[in-house]
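Before any comments, here is the structure.
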Amino acid sequence: MERTLAIIKPDAVERNIIGEIVKAIEGEGLVISAMKMLHLTKKQAEGFYYVHKDKPFFDSLTDYMSSGPIVVMVLSGENVIERWRKLMGATDPAKAEEGTIRKRFGLNIERNSVHGSDSPESAKYEISYFFNALEIVR
Ligand code: UDP
Ligand code: MG
């Protein structure tokens, strides 16, 4: 059993498609072990995405991620990091496979509706960024 951090990003919350995304997650057999809604400050968004601090898109990305509410979730299951990345689709919705969340709902390479950890190490950092042990309930 593995855990990963999933985020429903501001573009999706704003368009009232939280339910569509949760439905896709549950439909794929991924278990939601923790969930809450937050509105990050710019500083909190920068801390979450610190690995990208030297990228040209960092300032715009952290502006966007602090522009409105997000839903953060811990997902659990066998091989869940890879399974959630596959269900999300490629970073650029234009390049994402048919049926993936980013293909269905993503607006552009920045406003791509969802986030998923990319490794066990980043999952550990990202889960602990938002949740303490008492908040992870299944
Ligand atoms: N991003 C962007 N421009 C790019 C690449 C990424 O705005 O050229 C944003 C996008 O929202 C992406 C996030 O930065 O989801 C993190 O980038 P990463 O390469 O880690 O993609 P992901 O792991 O989310 O697929
Ligand atoms: Mg990433």
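The values are calculated or read from the model by the stated rules, or taken from the named source; none is laboratory data. All values reported here derive from a predicted model rather than from experimental measurement. Because the Cβ atoms are built from the backbone with ideal geometry, glycine has one as well, and the counts that use them run over all protein chains shown. Keep in mind that these areas ignore ligands, DNA and RNA; they rest on the heavy atoms of the full protein, side chains included. Shrake-Rupley method; radii C 1.70, N 1.55, O 1.52, S 1.80 Å.
Dipole magnitude of the chain about its Cα centre, charges +1 at Lys/Arg Cβ and -1 at Asp/Glu Cβ only, in debye to the nearest 20?
160 debye
Starting with the highest mean, order 37-44, 109-116 by the number of other Cβ atoms within 10 Å, averaged over the residues of each peptide.
Taking the mean over residues of other Cβ atoms within 10 Å, the ranking is 109-116, 37-44.
Give the lysines reachable from residue 53 as a straight Cα distance under 21 Å; neighbours fewer than 8 places away on the same chain don't count.
The qualifying lysines are 9, 42, 43, 124.
So if I place +1 on the C-beta of Lys and Arg and -1 on the C-beta of Asp and Glu, and nothing else carries charge, what would the dipole magnitude of segment 62-105 be about its Cα centre? I want it in debye, nearest 20.
Value, rounded to 20: 100 debye.
Can you list the residues, at least 5 places off or on another chain, whose amide H is less than 5 Å from the amide H of residue 96, using H built in the peptide plane?
The list, which skips near neighbours in sequence, is 90.
In square angstrom, what is the accessible area per residue of segment 41-138 with a 1.4 angstrom probe?
Result: 55 Å² of accessible area for each residue.
What ranking, highest mean first, results for peptides 125-138, 77-90 when packing means the other Cβ atoms within 10 Å averaged over each residue?
Those peptides, ordered most packed to least, come out 77-90, 125-138.
Averaging sequence separations of C-alpha pairs under 8 Å and six or more residues apart, then dividing by the length of the chain, give the relative contact order as a whole percent.
37 percent
Taking amide H positions as placed in the peptide plane 1.01 Å from N, state which residues far from residue 2 in sequence (5 or more) or on other chains have amide H under 5 Å from it.
77, 78, 79, 80
In Å and on Cα atoms, what radius of gyration and Dmax does the chain show?
Both quantities, over Cα of the chain: 13.8, 39 Å.
Quick one: which residues, 5 or more positions from residue 114 or on another chain, have an amide H under 5 Å from its amide H? H modelled 1.01 Å from N in the peptide plane, none for Pro or chain starts.
Amide H neighbours of residue 114: 9.
State the Cα centre-to-centre distance between segment 1-38 and segment 103-138 in whole Å.
Centre-to-centre (Cα) distance: 9 Å.
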